[in-house]
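For reference, the structure is listed below as structure tokens.
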Amino acid sequence: MPQDCLLFPHLTVDDNIAFGQRESGAKAGGHVKGMMGWLGISHLAGRHVKGLSGGEKQKVALARALAARPRVLLLDEPFSTLDRVSRTRLLGELRKSLDEVTHTLGLTSVFVTHDLAEAQLMGGLVAIMNDGHVEQVGTWDRVLQTPGSAFVADFMGFNILRGTLTAVEKCFASAEVKGQSIRGVANDLTVGEHVIAVFRPQVVSLSLERSIRKPGWRQCQCNVLEGRVTGMRNMGPVAQISMDVGFPLNVETSSDLVDELNIAVGTNAFAQFRASEVSFLHA
């Protein structure tokens, strides 16, 4: 399924869908109707594609691809030309349709996208590519917990801190990053080694006091950094915050918390995150 649909403008919806299939005659017609029913576009029967909306064209293109009964379906950024509202609505519809169709046809789908939200919604298994090479393959939970490289961490929007490992003890290790000590999960690391500490902005909690108020954090190994808010961006229920804690730090938290703490650019605050959320990579 190509990025720009590439439907045949001189053919009807039905004829576009039937173009790639193997059967002919009444059997082909029944297959086309069944495919249109699966994707909820039966009402488009007999119409020419020129009068369709962008979302309708995408569904017709998908039906045409599925009509060939492939073993593998490749979707190449199918919603990149749509506006955000249409894309969000169609993603949910497409996921439901693909789940049903792939189960029935025994089909594997490969969904190509640069949008992390799309990838999380559409894929159970993710492969992150860099310059034509696969950097990491795994479940979303696995990739979010332990990115395999600095490129993957950066692509996923992680904080990326470069430093030197200063201690390794039991399950945790410490690294010095521009004069600050950062604790994280110990892997195959050696004291004195240059490392990269990575963790998601979503795991950082903000407070106006150093003490950790979260009950579940009281017995954990935690990082607590004092700094100043240097930038804010409100995105509805979520706020993206930039801090200077001796180095740049990105935080993503709820807008309600920002309002509750009256946080603004210039506010002095504490950034807190558990050591178990920090992974160390070889630099």
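List of remarks:
- So residue 211, is it part of a loop (DSSP other than H, G, I, E, B) and free of Cβ contacts under 8 Å to residues at least 40 places away in the same chain: yes
- Count of the range 123-159 residues, restricted to those that are among the aliphatic types (A, V, I, L, M) and in contact (Cβ under 8 Å) with a residue 40 or more places away in the chain, is 4.
- Looking only at the range 246-283, and only at residues there that are more than 27 Å from the chain's Cα centre (by Cα) and surrounded by 14 or more Cβ atoms within 10 Å (Cβ to Cβ), the one that is nearest to residue 135 (Cα to Cα): 270
- Taken together, 233, 213, 228 contain a single residue that is modelled with pLDDT of 85 or more and either surrounded by fewer than 11 Cβ atoms within 10 Å (Cβ to Cβ) or touching a helix residue (DSSP H, G or I) at 6+ places or on another chain (Cβ under 7 Å) (or both), which is 233.
- Flag if residue 226 is over 17 Å from residue 153 (Cβ atoms), part of a helix (DSSP H, G or I), over 26 Å from the mean Cα position of the chain (by Cα) and of a type in the set (Asp, Glu): no
- The lone criterion from (1) modelled with pLDDT under 90; (2) touching a helix residue (DSSP H, G or I) at 6+ places or on another chain (Cβ under 8 Å) left unmet by residue 24 is number (2).
- Pairs with Cβ under 8 Å, 6+ apart, first in the range 8-20 and acidic (Asp, Glu), second part of a helix (DSSP H, G or I) and surrounded by 20 or more Cβ atoms within 10 Å (Cβ to Cβ): 14/32; 14/36
- Taking the conditions (1) in contact with a Phe, Trp or Tyr (Cβ under 8 Å, 6 or more places away or on another chain); (2) modelled with pLDDT under 90; (3) among the β-branched types (Val, Ile, Thr) in turn, residue 146 satisfies each one other than (1).
- Test: residue in the range 172-181 that is among the hydroxyl-bearing types (Ser, Thr, Tyr), farther than 14 Å from residue 275 by Cβ and in a strand (DSSP E or B): no
- Scan the range 130-171 for residues that are among the β-branched types (Val, Ile, Thr) and more than 15 Å from the chain's Cα centre (by Cα) and the total you get is 5.
- Unmet criterion (only one of (1) within 27 Å of the chain's Cα centre (by Cα); (2) buried (at least 20 other Cβ atoms within 10 Å of the Cβ)) for residue 174: (1)
- Of all residues in the range 71-109, those satisfying the criterion of being exposed (fewer than 15 other Cβ atoms within 10 Å of the Cβ) and part of a loop (DSSP other than H, G, I, E, B) are 71, 80, 81, 83, 106.
- The range 110-153, residues that are farther than 21 Å from residue 185 by Cβ and in a loop (DSSP other than H, G, I, E, B): 113, 114, 115, 123, 124, 131, 132
- Candidates 208, 189 - the one that is modelled with pLDDT under 95, within 21 Å of residue 150 (Cα to Cα) and hydrophobic (A, V, I, L, M, F, W, C): 189
- Within the range 79-99, the residues that satisfy the criterion of being under 16 Å from the mean Cα position of the chain (by Cα) and closer than 19 Å to residue 52 by Cβ are 79, 80, 87, 91.
- Selected residue (only one of 113, 81, 102 is among the polar types (S, T, N, Q), under 20 Å from residue 17 (Cα atoms) and in contact (Cβ under 8 Å) with a residue 12 or more places away in the chain): 102
The values are calculated or read from the model by the stated rules, or taken from the named source; none is laboratory data. Because the structure is predicted, anything quoted here is derived from the model rather than measured. Note that each Cβ is placed from the backbone with ideal geometry, even for glycine, and that neighbours are counted across all protein chains shown.
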